[in-house]
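Working notes for the structure below.
The values are calculated or read from the model by the stated rules, or taken from the named source; none is laboratory data. Keep in mind that what you see is a predicted model, and the values were worked out from it rather than measured. Quick reminder, even Gly has a Cβ in these numbers, built from the backbone with ideal geometry, and neighbours come from all protein chains shown.
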Amino acid sequence: ECEFFLRIEKHNDLRKKVRPSGQFPPEAHARFYLFGVYVQDGIDPMIVISLGANLDSTAGTPAQTLVAAMQSLIRNSVKVETVSNFYATPAWPDPSDPPYVNAVIKVCTDRSPAALLDVLHTVEISYGRTRGEKNAPRTLDLDLIDYDGRAERGPPILPHPRMAARAFVLIPLADVAPDWRHPVTGRSIAELIAALPEQERAAVRPMSA
């Protein structure tokens, strides 16, 4: 974790040389706003959220919960732009628990990272999420993976500090952003997936339509 934060510091030092980090632009940069979306340095911002569930909720099955959660995000001023395939993934650390349904979405919002995280937690609770034992089965899990390439100590920590080791995040992420690179390490999504154990990659299986 210390190494991760050191990388964040180096990333931000470099970023400050080319653009302000973690700030929306001054009015002089208003021309970069397009349809309410901030286009920074000519590149569309990329906000990435992962979704997962392995228990039924008031919305229905885990897959139905993920769909309902996306609808809830839209109602909270979080526009869903791209949705990955849905994947079935064994529960961890206890594979006897129900398998997860996982997905990744690319979204657009004017909310700050902290405000967006608050929305994610509110949506989780609305579908029965309770926070108790770590890695316990859950009705809904929403994680902020990346916010416009920011590297910040948080809260929330950006990018998500454990995402690079999670096949159930990386493989769906490749669906929506095949050219994505880790904001701190610079490694491509293909490199991160290739670095995972073969068994973990094979365990993330696309679900039938």
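Filter segment 157-186 down to residues that are surrounded by fewer than 15 Cβ atoms within 10 Å (Cβ to Cβ) and either among the charged types (D, E, K, R) or touching a Cys at 6+ places or on another chain (Cβ under 6 Å) (or both), then give me how many there are.
Total meeting the criteria: 2.
If only one of VAL123, VAL101, VAL107 is in a helix (DSSP H, G or I), surrounded by 13 or more Cβ atoms within 10 Å (Cβ to Cβ), in contact with a helix residue (DSSP H, G or I) (Cβ under 9 Å, 6 or more places away or on another chain) and of a type in the set (Val, Ile, Thr), which one is it?
VAL123
Do we find that ASP175 is within 23 Å of ALA203 (Cβ to Cβ), of a type outside the set (A, V, I, L, M, F, W, C) and part of a strand (DSSP E or B) in this structure?
When the stated conditions are applied, ASP175 does not pass them.
Test ARG201 against the stated conditions and say whether it is surrounded by fewer than 20 Cβ atoms within 10 Å (Cβ to Cβ), touching a helix residue (DSSP H, G or I) at 6+ places or on another chain (Cβ under 6 Å) and either modelled with pLDDT of 95 or more or not acidic (Asp, Glu) (or both).
yes
Restricting to segment 145-156, give me the number of residues that are touching a strand residue (DSSP E or B) at 6+ places or on another chain (Cβ under 9 Å) and either assigned to a loop (DSSP other than H, G, I, E, B) or on the phi > 0 side of the Ramachandran plot (or both).
Of the residues in segment 145-156, 5 are touching a strand residue (DSSP E or B) at 6+ places or on another chain (Cβ under 9 Å) and either assigned to a loop (DSSP other than H, G, I, E, B) or on the phi > 0 side of the Ramachandran plot (or both).
Conditions tested, residue by residue: (1) touching a Gly at 6+ places or on another chain (Cβ under 7 Å); (2) modelled with pLDDT of 95 or more; (3) not acidic (Asp, Glu).
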site: THR89; (1), (2), (3): no, yes, yes
site: ALA114; (1), (2), (3): no, yes, yes
site: LEU117; (1), (2), (3): no, yes, yes
site: THR122; (1), (2), (3): no, yes, yes
site: ASP143; (1), (2), (3): no, yes, no
site: GLU152; (1), (2), (3): yes, no, no
site: ARG162; (1), (2), (3): no, no, yes
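What do you reckon, is SER77 surrounded by fewer than 14 Cβ atoms within 10 Å (Cβ to Cβ), more than 14 Å from the chain's Cα centre (by Cα) and either of a type in the set (Gly, Ala, Ser) or closer than 22 Å to ASP175 by Cα (or both)?
Here the answer is no, as SER77 does not meet what is asked.
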